[in-house]
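The values are calculated or read from the model by the stated rules, or taken from the named source; none is laboratory data. If you're wondering where the values come from, they're calculated on a predicted model, not measured in any experiment. Here the Cβ is made from the backbone with ideal geometry for all residues, glycine too, and neighbour counts use every protein chain on show. Heads up: the accessible areas ignore ligands, DNA and RNA and are worked out on the full protein's heavy atoms, side chains in. Shrake-Rupley method; radii C 1.70, N 1.55, O 1.52, S 1.80 Å.
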Amino acid sequence: MSRFTTVLAVAAIAVAFWYIFNWLQPPKPPQLDPNAWWGPIELKGREDISIRPFEIKFEKKVIDDLKYRLKNHRPFAPPLEGVTFEYGFNTAALEPWLKYWAEEYKFADREKFFNQFPHFKTSIKGLDIHFIRVKPQVSAGVQTLPLLLLHGWPGSVREFYEAIPLLTSQNSGYDFAFEVIVPSLPGYGFSDAAVRPGLSLPYVADIFRILMKRLGHDKFYIQGGDWGAAIASAMVTLFPEDVLGHHSNSAVTQHPHALLRTLLGALIPSLIVEDHLAERMYPLSKHLAYLLEEFGYFHLQATKPDTVGVSLTDSPSGLLAYILEKFAVWTRKEHKFKSDGGLGFRFSKEKLIDNLMVYWITNSITSSMRFYSENMSNKFREMNLEAFTSPVPTWALQARDELVYQPPAVLRAKYPNLLNVTVLDDGGHFLALELPEVFAEDVFKAVHAFKKWRSTHSKTDH
Amino acid sequence: MGGLFRLVVASCLTIELLASQNTEPAYKLDPNAWWGPECTKYHNDTSIRPFEIVFHDKMIADLRYRLNNHRKPVPPLEGIGFEYGFNSNILDGWLQYWAEEYPFKEREIFLNKYPQYVTNIQGLDIHFIKYRQKAYAHQEIVPLLILHGWPGSVREFYETIPHLTSVNKSRDFAVEVIAPTLPGFGYSDAAVRPGLGMHEIAVVFSNLMKRLGYKKYYVQGGDWGAFIGSSIATSFPNEVLGYHTNLGLSLTQKALSLTLFGSLFPSPVVDPALADRTDLLSGHIRDAMITEFGYMHIQATKPDTLGIAMTDSPGGLLAYFLQLISTGTRSYFLNLEDGGIDKYYTRDQLLDNIMMYWAPNSITTSFRIYAESLNRRTLALGISEIPTPVPTITIHASDEIAYQSPLLLRTKFTNLLYTTNIDTGGHFLALEMPILFANDVLNAIAEFRNWHAKGGHGNGELLPNNNG
């Protein structure tokens, strides 16, 4: 056996012992602090819980300042010879983006574009939470189902703009369509940021549960990607009775059984993954090396978000490079080896700048990065959310170039009612934005399956 | 669970150590590698040209504008110090000082107080200070190559240089300081092609010393300077008379295994009084590696991305640097709202250092040293595995980022003459404690000279440790 295999075997045995130890002592479910309050103390008991219409505005002052900064950026270091995106965003590819943003991007038109859907705000736990709400235009006899759509980092509600019309209209073959509720995560875009530490995944899950209830949806479906998937996972773990079905395009679990199965699969892959998909997760060393190379931003944001936030708040060029680097290399792994990062592949400049505007005009980059710190804090990790399974019916949509792949055998450790997975030979991390038709179609398919499952598993409330 | 984890990892690495062969690693450094534009290879100017730092009016005006018009970052979370990074409550104060009170012209004069030069080595104009004081006739002038790191610069040595080069009648030597700027930093050119990692930089500096006419010299280094110095001592042992470092680290596999072993059974591995500094897998050292090394991780993988924001925003650059200087100086500064930055340094000192990145616009290229050094290619060179017989002396500050006991250091530095442990001081020791630093270096040089005079045969026997 190779040395690395020995290491894995030892590690697997250790994990097995740990698992047995934990099985003998069933863990207690985490308790959320019912008095959690994320806004100014003065607001407590006096918040405006009405649902207020909201309009996105691109203010002239902000736009003029933005253009000035873009046009007067300092000279950037040229890339090393023969390098594409291996050292990060290649500055030779930067100028066209800055020029586009400063001189070609149609601010007024895009503002209208953003407001094509109705936006609202309502105060929850001290924070004004922004959300889009679109009710479907369908004929009688077509059921309307509530669907919570959750974005991640460095995304925004903008990621769903092409999918929303598809989700809120009649789809042949299905007798339902969706009322979509698309919030900005707290600290992102047009939602307020917490004023004190502690707003981690379970507390955001709680805020969104309250949001859905406030909108009259006692039970609902959830779709999430990136942090959205993690929030969805927290929701189905903490409030399974509220969630009718759970669709994820970034499904990943760190449940101990999942880890154990992954390690065992490193020795005998056929035990846990189909042959033609094994390369999406093995060899472990290759995939861990990939994650190590890609997760510098994660490490930095999980520890010093406020530090790097100063520069990203101040420099739109810096913000653009920092965020677009992810849209480049997380869409196709091989885009790292293109001189333009492959950014023109399926995204127009307009789309990606739209997304950047959400961060820039709200000055929310720093607070968005704090989410990483909160979710890596000891306080959150002690809750051990991953160790709990969820009975909520689950469906995973798995793009070819998503950052992490886990097969059903692994996912079922956390989601025993994983009904199915859709494995794509296409697509990357920002799936809703990249392939909205594929995305929307899969959500319809999944919810249809959820409904069917529910009708035969009526011991849970329907 | 923690103990079980440690046992597993220690066992795995022991298996690893026992199974690995002790073969001669590949040794592929090219002494003539070219780092500048290809076309300059055949018309290379080898002269040594005087150099002066200039803070151009246009640069100052642009800088002031950016500082005075920085976008306000969001306020920090309630009740924290520097736990989420640079606390933006103190940002305005710093930026206002830099824009309105930092005396640019005075500082320019100050930075030029030591004679400086540039000379082209392997395609790169290398900037350096070269300075000594008038010595007595009976004194030998000894060259000391002193190496800074990141986010430092030659500025770190300005307060210690007068003491390092001080002429003391009772000594039989006087020091000439050669303080270069690392390639890609400050006023030194940056490589135009990939591959210039810490071992390649060691070659550049060995060539620099040759250019300056020194066949043998002493080396002092901290941070990257420590790794480069260690590399020079390994690749060019016949050139280095002695190596002094304030970040002594052996990166051999033996040292790693001993570290893990020592985390379970400290006493054979480390002095109990210092055990707390070295316990990698428990408590604050492990946490520090996770909480403090995000910058290293991103710079080693996406330097060019981060460089764009830092090039464009002086406030961003300041926050990034000062946060590192804060926790690098004292770990408890993490819990202070002002990051304790004003405790041991003046604002001018720290801004001088930041200007060495801002004025020559070298932040991105300085980041690249991480990407060029923390990679498989560097590992494959195997230079870190090779022990060096060059006599070595180390000093260990209480709040330095890492500590290794003499047992571990000797897996790399076979002639470790002695180590000094002080219960004060941080990562930027030369800047923070210039006199203590200079004295330790001068004592080290005296010891190295003694060692050579006695025939220079090391049997690895350690002199009694200095603890004070």
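From largest to smallest, the equivalent ellipsoid semi-axes obtained for the range B:344-468 from the alpha-carbon gyration tensor read 30, 23, 14 Å.
Burial of accessible area (probe 1.4 Å, heavy atoms of protein chains only) in the range A:274-301, relative to its chain alone, reaches at least 40 Å² for A:E293, A:G296, A:H299, A:L300. 3J(HN,Hα) along the range A:389-394, derived from phi through the Karplus expression 6.51 cos²θ - 1.76 cosθ + 1.60 where θ = phi - 60°, amounts to 7, 10, x, 5, x, 10 Hz, with x in place of Gly and Pro. Taking amide H atoms as placed 1.01 Å from N in the peptide plane, the amide H of B:V142 lies under 5 Å from those of B:A174, B:V175, B:E176, each 5 or more residues away in sequence or on another chain. Between A:I132, A:G198, A:S172, whose Cα lies farthest towards the positive end of the dipole of the range A:62-210 when Lys and Arg beta carbons carry +1 and Asp and Glu beta carbons carry -1, centred on the Cα centre? Most positive-ward Cα: A:G198. Here is the list for the range A:99-141: trypsin sites (Lys or Arg not before Pro) lying in DSSP coil, each with at most 11 other C-beta atoms within 10 angstrom of its C-beta, are A:K106.
Taking amide hydrogens as placed 1.01 Å from N in the peptide plane, the amide H of A:F54 sits under 5 Å from those of A:H119, A:F120, A:K121, each at least 5 positions away in sequence or on another chain. Taking every Cα-Cα distance in the range A:138-277 and sorting them into 10 Å bins starting at zero, the pair-distance distribution P(r) comes out as 11, 34, 30, 18, 6, 0 percent. Size descriptors for chain B, from the alpha-carbon set: Rg then Dmax equal 22.0, 66 Å.
Let's test the formula: R0 of 22 Å, r as the Cβ-Cβ distance of B:D45 and B:R193. What FRET efficiency results, to the nearest 0.05?
Efficiency, from the Cβ-Cβ distance: 0.65.
Around the amide H of B:Q220, modelled in the peptide plane, lie the amide H atoms of B:L145, B:I146, B:L147, B:H244, all under 5 Å away and 5 or more residues distant in sequence or on another chain.
The sum of -39500 (n - 2.57) across all DSSP H runs of n ≥ 4, divided by the residue count of chain A, sets its helix-only mean residue ellipticity at 222 nm to -12500 deg cm²/dmol.
For the range B:203-267, how big is the tail of P(r) above 15 Å, as a whole percent of Cα pairs? Pairs farther apart than 15 Å: 58 percent.
When only alpha carbons are used to place a centre, the range B:371-449 and the range B:301-325 end up 28 Å from one another.
With a 1.4 angstrom probe, the accessible area lost at the B-A interface totals about 5600 Å². In the frame of its principal axes, the range A:266-374 has Cα extents of 50, 33, 20 Å, reported largest first. On the accessible surface of the protein assembly as shown, probed at 1.4 Å, how many percent belong to carbon and sulfur atoms? Ligands and nucleic acids excluded, carbon and sulfur reach 57 percent.
Excluding same-chain pairs closer than 8 in sequence, count the lysine pairs in the range A:296-371 whose Cα atoms lie under 23 Å apart. Taking the Cα cut-off of 23 Å, the pair count is 11. Net charge of the neighbourhood of B:V167, taken over other residues with C-beta under 10 Å away and scored Lys/Arg +1, Asp/Glu -1, is +4.
Scanning chain B for chymotrypsin sites (Phe, Trp or Tyr not before Pro) in DSSP loops with at most 13 neighbouring Cβ atoms within 10 Å leaves B:137-468 as the longest stretch between them.
Within a Cβ distance under 12 Å of B:L408, other residues only, what is the Lys/Arg minus Asp/Glu net charge? Value of the local net charge: +3. Cα-based radius of gyration for the protein assembly as shown, normalised by 2.2 N^0.38 Å, reads 1.00. Go through the range B:61-89 and flag every residue whose accessible area shrinks by 30 Å² or more with all protein chains in place compared to the isolated chain (probe 1.4 Å). Residues of the range B:61-89 that lose at least 30 Å² of accessible area once the other chains are added: B:Y65, B:R66, B:R71, B:P73, B:V74, B:L77, B:E78, B:Y84, B:F86.
Calculated on the Cα set of chain A, radius of gyration then Dmax: 22.2, 66 Å. Residues in chain A average 39 Å² of solvent-accessible surface per residue, probe 1.4 Å, ligands and nucleic acids excluded.
From its DSSP helices (H runs of at least four residues, each -39,500 (n - 2.57)), chain B gives a residue-normalised ellipticity at 222 nm of -12000 deg cm²/dmol.
Rounded to the nearest 20, the Cβ-based charge dipole of the range A:41-458 about its Cα centre (Lys and Arg +1, Asp and Glu -1) stands at 780 debye. Listed by chain and number, the lysines whose alpha-carbon sits under 28 Å from that of A:K452, ignoring those within fewer than 8 places in the same chain, are A:K135, A:K213, A:K219, A:K414.
A Förster distance of 45 Å, applied to the separation of the beta-carbon atoms of B:D57 and A:K57, puts the FRET efficiency at 0.70. Within 10 Å of the Cβ of each residue in B:398-405, the mean number of Cβ atoms contributed by other protein chains is 0.
Leaving out ligands and nucleic acids, note down the accessible area per residue over the range B:88-159 with a 1.4 angstrom probe, in whole Å².
36
When its C-alpha radius of gyration is set against 2.2 N^0.38 Å (N residues), the range B:63-106 gives a value of 1.35.
Our coupling estimate for the range B:326-331, obtained by passing each phi through the Karplus curve with A = 6.51, B = -1.76, C = 1.60 and θ = phi - 60°, is 4, 6, x, 8, 9, 5 Hz, Gly and Pro reported as x.
Only lysines eight or more places from B:K210 in sequence, or on another chain, were considered; those with a Cα closer than 19 Å are B:K41, B:K130.
For the range A:193-198, the Karplus equation 6.51 cos²θ - 1.76 cosθ + 1.60, evaluated at θ = phi - 60°, returns couplings of 9, 5, 9, 9, x, x Hz by residue, with Gly and Pro reported as x. Taking GluC sites (Glu not before Pro) as exposed when DSSP calls them loop and at most 12 other C-beta atoms lie within 10 angstrom, chain A has its longest site-free stretch at A:82-462.
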